[in-house]
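All remarks here apply to the structure that follows.
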Amino acid sequence: MTLRLWSNDLVDGARLPDAQVFDGMGYTGGNLSPHLAWAGEPEGTKSFVVTCYDPDAPTGSGWWHWIVSDLPAAVHELPAGAGSGAAPLPVPAVQSRTDFGFSHFGGAAPPRGEVHRYVFTVHAVDVESLGADTEASGALVGFLTNAHRLARASLTTTWGG
């Protein structure tokens, strides 16, 4: 089987809905994490990691918008708002610190006039816990995820202009 990712809120290659745009810093979006669902993980999967990353941010290292680790292997869906406090995350999932400096979903907020990509990814990993906490950086969670990844699937959206 091949790991697949889909969403009721996002369309791969399409513009990100305003519900997933940041609310603040001059933006008036919903700052709501999208619905995500996945299936087809390989044998040996013990948990999942979900991330949202902007590779186009003018930082030299991109921008982490959402980082959730330790999603149990039996979980195959996150409802809209699960990363924003509007819906619960499954226990013992951990949201780590984004590049906004907080540990929950942060929507699209590219510099004015620029269009950026937002890559939502589910990673199947071979450990029940990465050992990352709410203060772990995106780089650290990325390193741990890559060390344990069995498979991944992504949806890429764009926003800005």
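The values are calculated or read from the model by the stated rules, or taken from the named source; none is laboratory data. This structure is a prediction, so every number in the text was calculated from the model and none was measured. Backbone-built Cβ (ideal geometry, glycine too); neighbour counts: all protein chains shown. The area values use the complete protein model at the heavy-atom level, side chains included, leaving out ligands, DNA and RNA. Shrake-Rupley method; radii C 1.70, N 1.55, O 1.52, S 1.80 Å.
What order do you get for 82-92, 5-15 when each peptide is scored by the mean count of other beta carbon atoms within 10 Å, highest first? Before the final figure, lay out the partial values.
Details: 82-92: 16.7, 5-15: 14.6.
Going from most to least packed, we get 82-92, 5-15.
Test of understanding: in a Gaussian network model of the chain with alpha carbons linked when under 10 Å, which of Ser61, Ser33, Ser137 would top the mean-square fluctuation ranking?
Answer for the Gaussian network model of the chain: Ser61.
Taking just the alpha carbons, could you work out the radius of gyration and Dmax for segment 1-77, both in angstroms?
Gyration radius and largest Cα-Cα distance of segment 1-77: 14.5, 45 Å.
Summing Lys, Arg as +1 and Asp, Glu as -1, what charge do residues with Cβ under 13 Å from the Cβ of Val119 carry, Val119 excluded? Walk me through the numbers before you get to the answer.
Values: positive: Arg117, Arg152; negative: Asp12, Asp54, Asp56.
Computed value for this residue: -1.
Taking every pair of alpha-carbon atoms in segment 75-161, what share in percent sits in each 10 Å bin, from 0 to the bin with the longest distance?
Reading the bins upward from 0: 14, 43, 36, 6, 0.
Note down the relative contact order for the chain as a percent, whole number, built from C-alpha pairs under 8 angstrom at least six residues apart. It would help to have the intermediate numbers written out before the result.
Working: 431 pairs, mean separation 46.7, N = 161.
Relative contact order, the chain: 29 percent.
I'd like the accessible area for Phe22: 1.4 Å probe, protein heavy atoms, all chains in place, Å² to the nearest 10.
Solvent-accessible area, nearest 10 Å²: 20 Å².
Count the DSSP beta bridges whose two residues both fall in the chain, then state the antiparallel fraction as a percent rounded to the nearest 5.
Percentage antiparallel, nearest 5: 95.
If you wrap a convex hull around the Cα atoms of the chain, how much volume per residue is inside, in Å³? Kindly include the intermediate steps, with their values, before the conclusion.
Details: hull volume 15.8 nm³, N = 161.
Spelled out: Cα convex hull of the chain, divided by residues, is 98 Å³.
Rounded to the nearest percent, how much of the accessible area of segment 72-161 (1.4 Å probe, protein heavy atoms only) is carbon and sulfur? It would help to have the intermediate numbers written out before the result.
Numbers: 2210 of 4060 Å².
Result for segment 72-161: 55 percent of the exposed heavy-atom area is carbon or sulfur.
Using 0.36 nm per residue of separation minus the Cα-Cα distance, give me the extension gain between Val115 and Val11 in nm, one decimal. Walk me through the intermediate numbers first.
Values: separation 104, 0.36 × 104 = 37.44 nm, distance 1.64 nm.
Going from the current span to full extension adds 35.8 nm.
Given a 1.4 Å probe and heavy atoms of the protein chains only, how would you sort Glu135, Glu43, largest accessible area at the top? Don't jump to the answer; show the numbers that get you there.
Working: Glu135 115, Glu43 180 Å².
Final ranking, largest accessible area leading: Glu43, Glu135.
Need one value: the accessible area of His116 in square angstrom, 1.4 angstrom probe, rounded to the nearest 10.
0 Å²
Quick check for you: with a 1.4 Å probe and neighbouring chains kept, what is the accessible area per residue of segment 45-92, in Å²?
On the way: 1850 Å² over 48 residues.
Each residue of segment 45-92 exposes 39 Å² on average to a 1.4 Å probe.
So what's the angle, to the nearest 10 degrees on a 0 to 90 scale, between helix 138-148 and the longest Cα principal axis of the chain?
Once rounded, one gets 30 degrees.
Would any residue of segment 34-57 have its amide N under 20 Å from a label point 7 Å out along Cα→Cβ of Met1? List them or say none.
Taking a point 7 Å out along Cα→Cβ of Met1, the residues of segment 34-57 whose backbone N falls under 20 Å are 36-51.
Points 7 angstrom from Cα along the Cβ direction at Ala37 and Val91: gap in nanometres?
For the pair Ala37/Val91, the computed spacing is 2.6 nm.
Relative to a virtual label point 7 Å from the Cα of Ala73 in the Cα→beta-carbon direction, which members of segment 1-27 show backbone nitrogen distances below 18 Å?
Residues 1-4 qualify, since their backbone N sits under 18 Å from the label point.
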